[in-house]
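Reviewing the structure listed below.
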Amino acid sequence: MNVGIMANSLENSYLSQNIRRLKGVGQKRAAMYEKMKIFTFEDLLRHYPRGYLDYSESADLSEHNLMDYVTVKAVVDRKTPTVRTQGGRKISRVYASTESGTDIELVYFNNPFVTQKLNVGEEYYFYGRLQGDLLRKQMTNPVLVQEEELEGMVPQYPLTEGLSSRMISANVRTILSDPLCRIDEFIPKMILDRYGFMDRDTAIRQIHFPDNESRMTEAKRRLVFEELFTLSVGMKLRRERKRTQSNNAFSFTDTDAFCDSLPFRMTDAQKRSLKEIASDLSKNEPMARLLQGDVGSGKTAVAAGAVYLAAKNGFQSAVMAPTEVLATQHAETFRKMLEPFDMTVGLLTSSVKGKQRSELLKQIANGNADLIVGTHALISEDVKYHRLGFVVTDEQHRFGVDQRAALSRKGDLPHTLVMSATPIPRTLSLIMYGDLDISILDEMPAGRSPVKTILVNDTYRERYLGFVRKTVEEGQQVYIVCPLVEDSEALGEAAVSATQYYEKISNEQLKGIPIALLHGKQTSEEKTRIMNDFQEGKIKVLVSTTVIEVGVDCPNATVMIVENAERFGLSTLHQLRGRVGRGDLQSWCVLVSSKDSGTAGERLKLLTETDDGFVIANEDLRMRGPGDFIGNRQHGLPNLTVAHIADDEKILYSANEAAESLVQESPDLGMYPLMKNKVEQLFDNAELTMN
């Protein structure tokens with residue numbers, strides 16, 4: 001039997017034990033651990049410290065400033081009895097003196113047990129924030145440092161109420177000191193050697209109880225790599241498993257006639273992307289590709305070229321959009337591009353009912369509809385496709401994993417294209433789309449004027465609303481975006497609600513101008529009617545929430561005003577800005593920050609300096625983390641516990657490179673059973689199938 005497999009089974013039998021069986025963990029503490037999703041010994045070992053304290057150097061208080069955190073060695077001179085305040089709090093005071101002769105007062109609230117441990121005349125170490133003044137030094141609720149904690153870096157853990165870092169540290173030490181605790185390696189040795197990483201056992205022990213800062217850094221580096229490498233291997237296995245043989249290879253891949261029929265000239269980026277897609281479609285394995293580009297970069301035309309190829313090869317296509325407004329808009333755009341080739345486009349949304357729906361379902365089932373555009377209605381049980389060979393998901397991050405998979409299951413291993421107008425940093429795309437090939441539209445079509453972006457505070461409201469009136473008088477239209485639908489006390493008085501804003505400007509600054517209110521709480525029919533009226537020019541000013549971020553195409557709209565811009569992510573603001581500048585008229589984006597927004601408003605300056613969506617996305621990732629791009633419901637991927645995508649970019653590239661080489665060497669990981677087991681365990685925990 002393989003020694004590694006034997007060791008792994010022993011590790012599992014010990015480390016997979018319920019946390020309630022650990023010495024020193026009773027029922028009450030176990031319940032606290034379970035609040036943090038720590039159920040087993042192994043879960044606790046993977047609950048890594050968020051930082052460390054160093055108690056080893058005792059401070060001379062005369063050399064430190066007030067509010068510094070310091071370790072003080074002091075002799076207890078006297079203690080006062082614990083007293084209870086009128087509010088019910090217990091206060092205990094201890095007076096001590098340091099080696100340098102400085103007196104310090106130690107004040108404990110609701111913790112008389114600490115002072116009971118202290119004996120007058122004995123020496124102790126205390127850690128806390130230095131307070132008081134030049135004559136009198138004080139600490140409030142200082143940590144009483146234990147002797148063994150003076151020897152190195154003391155871990156500080158993410159906590160929940162009732163648990164302290166000291167408790168967690170003691171429980172981790174109990175696990176690691178048990179002779180049965182075996183932490184086996186699952187990353188192949190050749191990869192560890194190639195990138196210079198320590199082994200897993202050493203890394204786990206050093207991350208919890210580091211010998212020094214250098215060893216801690218190396219341990220963290222190893223564990224970050226482990227997390228990203230395991231995830232990358234899993235994504236590449238998914239990609240390989242999708243590469244099953246199918247009968248959907250396209251024999252006709254010439255798009256010249258389609259490109260020549262367009263009323264505009266495709267950009268080089270569009271031509272390159274369409275060529276990449278056509279190459280994929282010619283293979284005997286399903287295409288899985290992401291088409292990524294800024295708002296207005298021409299993704300729909302590229303997708304239409306692929307639909308053209310599908311129809312020429314006798315296959316049906318389906319395009320799923322997140323909103324009825326966007327689906328309707330797409331259907332019209334595709335219809336114009338495909339009509340010259342006598343191709344039929346159907347629109348299926350929840351608003352299509354009765355006889356109209358029945359007729360459309362027949363067309364879909366008998367193959368008379370070459371392309372069906374719609375919302376999630378496309379995956380309804382009663383929708384039967386004729387020969388579905390190509391599916392497109394637009395703004396894919398707005399759909400759940402199951403919805404995207406359900407559309408593909410409507411066909412027999414159809415080719416899949418997902419589109420996103422949200423620029424994703426390359427580091428993040430390796431995580432989110434490691435199982436997809438990627439095409440990027442990094443050019444904008446000719447004839448579009450760059451949108452001029454300015455940043456003002458809300459004291460300028462009368463002036464920019466005057467600009468709105470002038471714009472409307474010149475025959476153009478305006479969007480005004482607010483962060484809320486209605487007033488919210490939780491966000492304070494500075495937050496602007498769309499409802500309140502609409503009522504105010506309708507009756508005051510913009511009185512007499514056709515204005516409408518659009519938000520997510522309205523019915524689909526209401527939203528569609530309002531958007532149609534705006535696109536037809538009946539509405540001149542649209543006050544809205546971010547519901548317009550996706551799905552509005554109105555070339556006559558030239559001004560975008562975003563109130564409380566500091567409350568939005570940079571990528572969201574960039575998306576909103578993309579709603580104007582869609583014609584040949586000069587367009588403007590006015591970002592309005594609250595005069596009290598402070599540093600939160602500072603980051604908005606980047607939008608006035610660049611219109612490069614990838615630069616903006618990288619900054620958003622750095623400042624706000626990946627949450628804006630990844631929601632677990634959408635991508636279904638395991639959560640990262642120790643790696644930080646923005647900070648660990650170099651390690652991510654190494655992990656991706658190593659994963660690629662490993663999967664190429666052993667596409668099913670048959671040569672590396674421990675690695676395979678760890679990957680499948682990771683994806684099982686995320687409730688995401690490897691298939």
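Values in this text are rule-based calculations from the coordinates and carry no lab data. Since this is a predicted model, take the numbers as computed values, not measurements. Here the Cβ positions follow ideal geometry from the backbone for every residue, glycine too, while neighbour counts run over all protein chains shown.
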Could you tell me how far the Cα centroid of the range 403-473 sits from the Cα centroid of the range 224-292, in Å? 20
Compute the distance from the alpha-carbon center of the range 365-390 to that of the range 99-136, in whole Å. 74
Within the chain, percent of DSSP bridges classed antiparallel, to nearest 5: 35
Rounded, prolate or oblate: which fits the range 452-610, taking a ≥ b ≥ c as square roots of the Cα gyration tensor eigenvalues, rounded meaning a/c under 1.5, else prolate when a/b beats b/c? rounded
When the Karplus curve 6.51 cos²θ - 1.76 cosθ + 1.60 is applied with θ = phi - 60°, which whole-Hz ³J(HN,Hα) does each residue of the range 164-176 get, with x for Gly and Pro? 10, 4, 5, 4, 4, 4, 5, 5, 5, 5, 4, 5, 5
As straight-line cross-link partners of K355, the qualifying lysines (C-alpha separation under 20 Å, not fewer than 8 residues apart within one chain) are K384
Taking +1 at the Cβ of each Lys and Arg and -1 at the Cβ of each Asp and Glu, which of N247, P263, Y48 sits farthest along the dipole of the chain towards its positive end, judged by Cα position relative to the Cα centre? N247
The range 124-209: spread of alpha-carbon positions along the three principal axes, whole Å, largest first, is 62, 28, 25
Say a site is exposed when it is one of the GluC sites (Glu not before Pro), sits in a DSSP loop, and has at most 13 other Cβ atoms within 10 Å; what is then the longest site-free stretch of the chain? 162-380
Dimensionless Rg over Rh [the chain; C-alpha; Kirkwood]: 1.05
Given K470/K504; K452/K605; K275/K336; K336/K540, which pairs have Cα atoms separated by over 20 Å? K275/K336; K336/K540
